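In what follows, a single structure is set out as structure tokens and then discussed.
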Amino acid sequence: MAKHETENRLRVHITDADHERWEVPYELLPREKPPTPLYSLSRKEGSFVLPSSESLSSSSSPNNLIFSYVSNPFGFSVKRKSNGETLFNSSFDSMVFKDQYLEISTGLPENSNLYGLGENTQPRGIKLEPNDPYTLYTTDISAINLNSDLYGSHPFYMDLRKGSNAHGVLLLNSNGMDVFYSGSSLTYKVIGGIFDFYFFAGPSPLACGPIHILGWATCTHALLGFW
């Protein structure tokens, strides 16, 4: 499912139409449930197959993000309507969607600057550094320890591009994951669940939907969502 929930927020929900998958419980984080799929994803020569290529949003639409996908091999992209800038493109590499392993990547331009992916203690701060692996796996320990996972899991990052705008990306998945940032790409490796992405158009950093405003946290102190 791909849906513009507001002019500046796009949700992309990818799951298994034939088998139930773990998701962040809807009673804990109230949000719209995706409709029952009209068709199932099938596999052909190892690739996901959809009925056709499609684009969501038009020049006359008030939405600031454009979603499009290709069917074989399956991949999707999200672009900024105002300038055509690509914010996320999963066709950068192959997508993996198995029972206990998910993997998805996106290419990044040279002017990307990424911040986020908590909750952990990185000695160099919240800006992501290339070739450092970021593990999101809650351990319920204090922040006195460096290079450690802490109370919460916040798979959200903001990309503040030089000479351009900011946008935010949230993967709503409470399973443990590694996120690899190479400088030219970002790869999620998750041990279960689904792909439930929320893209925030910005263009200012404050409009990118920071995780405390979203009101969602997978930690010992639950927050209420108020979207």
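The values are calculated or read from the model by the stated rules, or taken from the named source; none is laboratory data. Owing to the predicted nature of the structure, the values given are computational and were not obtained by experimental measurement. Every residue, glycine among them, receives a Cβ derived from its backbone with ideal geometry; neighbour counts consider all protein chains shown. We work out accessible area using only protein heavy atoms, side chains counted, and drop any ligands, DNA or RNA first. Shrake-Rupley method; radii C 1.70, N 1.55, O 1.52, S 1.80 Å.
Miscellaneous remarks
- Residue list for segment 129-154, restricted to those being under 20 Å from the mean Cα position of the chain (by Cα) and either modelled with pLDDT of 90 or more or not charged (D, E, K, R) (or both): PRO130, ASN131, PRO133, TYR134, THR135, LEU136, TYR137, THR138, GLY152, SER153, HIS154
- Which listed residue is modelled with pLDDT of 90 or more, among the hydroxyl-bearing types (Ser, Thr, Tyr) and open to solvent by less than 10 Å² (accessible area, probe 1.4 Å), from TYR157, TYR181: TYR157
- If you filter segment 115-128 down to residues that are at pLDDT 80 or above and open to solvent by less than 60 Å² (accessible area, probe 1.4 Å), you find that the one that is farthest from the chain's Cα centre (by Cα) is LEU128.
- Residue count for segment 52-69, restricted to those that are at pLDDT below 90 and either touching a strand residue (DSSP E or B) at 6+ places or on another chain (Cβ under 7 Å) or of a type in the set (A, V, I, L, M, F, W, C) (or both): 6
- Condition met for SER112 (surrounded by 13 or more Cβ atoms within 10 Å (Cβ to Cβ), touching an Asp or Glu at 6+ places or on another chain (Cβ under 9 Å) and in a loop (DSSP other than H, G, I, E, B)): yes
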